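Working notes for the structure below.
The values are calculated or read from the model by the stated rules, or taken from the named source; none is laboratory data. All figures in this text were calculated on a predicted structure; none of them were measured in a lab. For neighbour counting, all protein chains shown are included, and Cβ atoms are generated from backbone atoms with ideal geometry for every residue, glycine included. SASA here: full protein model, heavy atoms, side chains in, ligands and nucleic acids out. Shrake-Rupley method; radii C 1.70, N 1.55, O 1.52, S 1.80 Å.
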Amino acid sequence: MEDKWRWIAVTAIAPVAWGSTYVVTRAVLPDTPLWGAVLRALPAGLLLLAVARRRPHGAWWWRAFVLGALNAGGFFVLVYAVARLLPSGIASTVMATSPLALMGFGWMLLGQRPRALSLAGALAGVAGVAVMLYGGGSAVDPLGLVAAVAAMLLSAVGYVLATRWNDVDVLSSTAWQLVAGGVLVLPFAAVVEGAPPALDAAAIAGFSYVSLVATALAYLAWFAGMRRLGPAVVGLVGLLNPVTGVALGALVAGEALTWRQLLGLAIVLVGIGVGQVSRAGQAARSSRTTRVGTARRRRDDDLDQSASASRKPRVGTKNVVPVTAVEKSRMRS
């Protein structure tokens, strides 16, 4: 149980780091979504590749580009587009449905059927984010809504596939897909947006944080958690993303924190807790079943040993051989 909570804490690094990118992006990064995706994915991937010191092999050449398109290149571009086309409340509410998508794809691709309490926790999380961020009355751009749904579904499929393709270590697979994602977006950035944007000191610092912390470190923590905890648990932990965004907006950017946002935060945290209670109960039942089975096996072993000992002759006793009637007559004669 303690090991599970340690991995939940490690996994939480990712959504907390991703939630902080909203403030950094709005404050210091240039408005170039394609180059932003390249400058976020490529440095992170190259750094991890230098640490892993391992190149793709066999099927991992095409797997790296599939995961790179789903989890890095395509996802980063869509997220930038969503930020430009939709109000943050609507965008965050759409992205908050990702736990449900992760559970669904985890069931289809990994055979991990979600439990009722996990689904209830995910629905509560979506409701909490909607209460927290969606104020209503804002015009919804259909293209932005499609981009938000596409980003959510792409990342959910990519995360589950990265969990399914687990025949290499997390460090190497994360490095390969980030490099591949940056390489895929690079030609589109050059054609559509031209030369790379000029970066001042604040932008360089911002990209360093977004690439090294909110991408390299966060993706390592996220994929490691996916392998050990599964999509249902990790998806609920991901709801910390909008929570972090709202909290940092209030603490760093000076944004007002209303009672409705506080209520939404509470609902999200309850949803996360409900999902973890479901998994904790499952683990406790599994532990009890294991203990009962072990006790029964020990009892059966003790009975077998007792029965075996009762069949053996005792030490110091003599073996008495029956004397037949013929032998008795011989002895008398």
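Could you give the accessible area per residue of segment 100-183, probe 1.4 Å, as a whole number in Å²?
Per-residue accessible area for segment 100-183 comes out at 41 Å².
Sorted by average packing, counted as other Cβ atoms within 10 angstrom per residue and highest first, what order do 47-59, 174-186, 27-39 take?
Ranked by mean Cβ neighbours within 10 Å, highest first: 174-186, 27-39, 47-59.
Would you please give the residues with an amide H less than 5 Å from that of R115, counting only those at least 5 places away or on a separate chain, with H modeled from the backbone geometry?
none
Taking a point 7 angstrom from the Cα of R260 along the C-beta vector, which residues in segment 87-118 have backbone N less than 15 Å away?
Under 15 Å, as judged by backbone N against the label point of R260, lie 87-93 of segment 87-118.
Ignoring ligands, DNA and RNA, please state the percent of accessible area on segment 1-153 from carbon and sulfur, probe 1.4 Å.
About 69 percent, which is the carbon plus sulfur part of the accessible surface.
Taking only protein heavy atoms into account and a 1.4 Å probe, give the accessible area per residue of segment 11-51 in Å².
37 Å²
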